[in-house]
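Chemist: My questions all concern the structure below.
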Amino acid sequence: MESSTAEQRTLSPEARQEAEELLADFPNKKSALLMILRVIEREFGMIDDPGLALAAELCEVSPAHVLGMASFYTHYKRPWHGKHRLMVCATLMCALGGTRESLDQIEATLGLKPGQITHDGLFSLEKVECLADCDRPPAVQVNFTHYVRMRGEALDKLLGDLLAEEGKTAADYQNQTPLKMQGAIPIISVKSDV
C-alpha cells in the first residue's frame, strides 16, 4: 500500500500558504514539523513516502528525521491504515477494564487481530498505548473520534454503525484472511515463562 518514493507531492495553494505561515512562526523550521505533517495529512488523506519527503523539504530536515517523528507519533494516518482505523488502548487500566474482550469482539465481527487490515482496506486494528481515559475503560479511537467503555452492546453498536456506513455486514468479513498492515510498527510484547 505504500506509494512509490518516485512520486512527488505538491501542496494546493491554500495548504502551501498554511504551511508557509506555520514555518514563519518558528525561527527554526524543524520546530514546525509536527504541524507541517498535519497539513500534509489533511491535504492528501495520509502521510506516505512522498508526503514524508515533502515535509523534509519544507522543514529543511532529513527524510530520516521526518520518518522518526511520523513513526513515534502514531496518531498520523499512514498508507497501511484502513479507512476506519480502530485503535484499542492496551495500557494497564484499559487492559484491566476489558481490552482483551474488546479485541475479541472486534475479531468476531471484522475478523481482525491487532496489526491487520481487511482486504478491502476499510478497517484496520491496532493496540495502542494510553488513549487518556483510564477512568472509563476500555478506550477505543476510530480515526480521530474517541469512545469510552467500548465493550458489549456499545462496541457492537459502534461496529454496526461503521459497517452500515460502508454498506457492509459482519458476514462480509467472515471466512476472509485479513492482511498484515505493511509498515506498521507493532507494540513490543515480551513473552516470559516466568
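Chemist: Using Cα atoms only, what is the angle between the long axis of helix 13-24 and the major principal axis of the chain, expressed in degrees (0 to 90) to the nearest 10?
Modeler: 80 degrees
Chemist: A further question on this structure: Would you mind calculating the gained length between LYS113 and PHE26 on full extension (0.36 nm times residue separation, minus the Cα-Cα distance), in nm to one decimal?
Modeler: 27.2 nm
Chemist: Let me ask another. Cα atoms only: what Rg and Dmax, in Å, come out for the chain?
Modeler: Cα only, the chain: 18.4, 59 Å (Rg, Dmax).
Chemist: How big is the dipole moment of region 37-86 about its Cα centre under a simple scheme where the beta carbon of each Lys and Arg is +1, that of each Asp and Glu is -1, and everything else is neutral? Debye, nearest 20, please.
Modeler: 360 debye
Chemist: Determine the per residue accessible area of region 64-194 with all protein chains present and a 1.4 angstrom probe, expressed in square angstrom.
Modeler: Accessible area per residue: 55 Å².
Chemist: Then there's this: How much of LYS157 can a 1.4 Å solvent probe reach, expressed as accessible area in Å² and rounded to 10?
Modeler: Surface open to solvent at LYS157 totals about 130 Å².
Chemist: Positive end of the dipole of the chain, charges at C-beta (+1 Lys, Arg; -1 Asp, Glu), about the Cα centre: which of LEU179, GLY121, THR91 has its Cα farthest in that direction?
Modeler: Farthest towards the positive pole: THR91.
Chemist: Enter the angle in degrees (range 0 to 90, nearest 10) between the Cα long axis of helix 99-110 and the first principal axis of the Cα atoms of the chain, meaning the one along which they spread out most.
Modeler: Between the helix axis and the principal axis of the chain, the angle is about 90 degrees.
Chemist: Have a look at the DSSP beta bridges in the chain and tell me what percent are antiparallel, nearest 5.
Modeler: 60 percent
Chemist: Further question on the same structure: What shape does region 62-159 take by its C-alpha gyration tensor, where a ≥ b ≥ c are the square roots of the eigenvalues and a/c under 1.5 counts as rounded, a/b above b/c as prolate, and the rest as oblate?
Modeler: Because a/c hits 1.5 or more and a/b fails to exceed b/c, region 62-159 counts as oblate.
Chemist: To one decimal place, what Kirkwood hydrodynamic radius in Å is obtained for region 1-111 from all pairs of distinct Cα atoms?
Modeler: 15.7 Å
Chemist: Cα-Cα over 24 Å: which of LYS83/LYS113; LYS157/LYS180; LYS29/LYS127; LYS30/LYS83; LYS30/LYS77; LYS77/LYS127?
Modeler: Correct reply: LYS157/LYS180; LYS29/LYS127; LYS30/LYS83.
Chemist: Follow-up question, since we're still on this one. Per the 1.4 Å probe, what fraction of the accessible area of region 18-99, in percent, lies on carbon and sulfur atoms?
Modeler: Within region 18-99, the accessible surface is 61 percent carbon and sulfur.
Chemist: A further question follows. Quick one: among GLY45, GLY115, GLY152, which has the greatest mean-square fluctuation in a GNM of the chain with alpha-carbon springs under 10 angstrom?
Modeler: Of the options given, GLY152 has the highest mean-square fluctuation.
Chemist: Ok, one more. So which trypsin sites (Lys or Arg not before Pro) in region 6-80 end up in coil per DSSP with only 11 or fewer other C-beta atoms within 10 Å?
Modeler: none
Chemist: What's the angle, to the nearest 10 degrees (0 to 90), between helix 49-59's Cα axis and the longest principal axis of the chain?
Modeler: 40 degrees
The values are calculated or read from the model by the stated rules, or taken from the named source; none is laboratory data. Note that the structure is a prediction, hence the values are computed from the model and not measured. Methodologically, a virtual Cβ is constructed for each residue, glycine included, from the backbone with ideal geometry; neighbour enumeration extends over all protein chains shown. Just the protein is used for accessible areas: all its heavy atoms, side chains included, with ligands, DNA and RNA removed. Shrake-Rupley method; radii C 1.70, N 1.55, O 1.52, S 1.80 Å.
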